[in-house]
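Everything on this sheet refers to the single structure shown next.
The values are calculated or read from the model by the stated rules, or taken from the named source; none is laboratory data. Quick caveat: nothing in here was measured; it's all calculated off a predicted structure. Positions of Cβ are generated from backbone atoms using ideal geometry, with glycine treated the same way; all protein chains shown enter the neighbour counts.
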């Protein structure tokens, strides 16, 4: 009788067995046990407690839930492109258990009032965890309020600003960087110099250059490098925490690494498309392959990949940027919004490189889980261990994944990677101990995810 009572007391809600658990120190053949949304045991199968439900991983990898620090969930007036439910379903299907949402919505998240409108709307719909960026507000008091509300950081979109302040004015932008530093929140930077891009678009438009390839020339490498240098100049003596989004050039990495070594607070993000694709995709997919910053040359992508493999960049973000098919089919490139969905392809692209021997599993875990958790102050996430949140993904590294946009959970049913057959397939995604996705199907109810914040604040 005592033995039975003890077994019942130690029973867990869910356990995953017969897998390869990816830990910081290596791989453990066994599984994990989960209770009340937390990992309570990581052990050989024989040493795991009994459970209400058991998932057999069939030898697949058991990874910490992936974290995407750069996602556009849209919703609100842009719900026709994506909403919190479709976007987080897309995340779950792609193995992401936490995503950080950008503020360039309609209306933009450029005041605390706008954020407070988004939070309850998201909480009712999300199936994975979501954190929010904000635009720069107008007053010092609003910076403080945003901090108290638990935003992840502030976004500076240099070419399409949605902030209420004039970020083209050096004095104003320096003030915003100071305010961000004061409240100890990151500034996520889209680094392209607006004046350069706007001038080229105007010139091309006047001369009748409006094809997809013209977009590439309107977003030249010098626009990215000049914008980076401007931000670094304005940051001197201010000490903001800078997060450079979707860096597309190896030269940019080198500039940022040098400043990082000199003591500037810098995080470098790259995307799977800038790492593994090049401008030739625009010849094949036209407007559907347009993204800002644009795809670069094959040589540039190869050099950027080497920086990633060597650990010179910190994190991978999908820059999931869904638009409607009708918007991407417009004939004039200057009427076409840049961006494409990435949540359901990112980890498969990286695992395919792993299968080819071009990337290590540790580098994937570091750049897609542990480093984002540390960088953004997401407590108890990014690793597998007792006491960590039960955010887990099961991936079969040997199974093929065909990129078929018609099966995507995002509303954006297109991809410049369409038709590729990649190694590695997400088998299940668990968020807070709840099975959210299995074999590509969403099995959790709306509202399963949580709105998350840096460690000082967290919404339940």
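Just a few scattered comments:
- If the condition is being assigned to a loop (DSSP other than H, G, I, E, B) and under 12 Å from residue 134 (Cβ atoms), then segment 154-164 contributes 162, 163, 164.
- Summed over segment 129-139, the residues that are over 18 Å from residue 377 (Cβ atoms) and in contact (Cβ under 8 Å) with a residue 40 or more places away in the chain give a count of 1.
- Single condition residue 118 does not satisfy, out of (1) in a helix (DSSP H, G or I); (2) surrounded by fewer than 21 Cβ atoms within 10 Å (Cβ to Cβ): (2)
- Given (1) under 22 Å from residue 436 (Cα atoms); (2) modelled with pLDDT of 95 or more; (3) surrounded by fewer than 17 Cβ atoms within 10 Å (Cβ to Cβ), index of the condition residue 44 fails: (1)
- Number of positions in segment 357-381 that are assigned to a loop (DSSP other than H, G, I, E, B) and within 13 Å of the chain's Cα centre (by Cα): 1
- Number of positions in segment 162-194 that are farther than 17 Å from residue 144 by Cα and without any contact (Cβ under 8 Å) to a residue 24 or more places away in the chain: 4
- In summary, helices (runs of 4 or more DSSP H) completely within segment 250-291 and bearing 2 or more residues that are touching a residue at least 24 places away in the same chain (Cβ under 8 Å) and closer than 19 Å to residue 405 by Cα occur at 272-276, 280-285.
- Test for residue 137: is it under 16 Å from residue 320 (Cα atoms), modelled with pLDDT of 95 or more and assigned by TED's automatic domain parsing to the domain that holds residue 183: no
- Among the residues of segment 388-427, those that are surrounded by fewer than 22 Cβ atoms within 10 Å (Cβ to Cβ), outside any loop (DSSP other than H, G, I, E, B) and touching a strand residue (DSSP E or B) at 6+ places or on another chain (Cβ under 8 Å) comprise 396, 397, 398, 399, 400, 402, 421, 422, 423, 425, 427.
- Between 151, 167, 127, 99, the distinction of being within 15 Å of the chain's Cα centre (by Cα) and either farther than 19 Å from residue 372 by Cα or not in a helix (DSSP H, G or I) (or both) belongs to 99 only.
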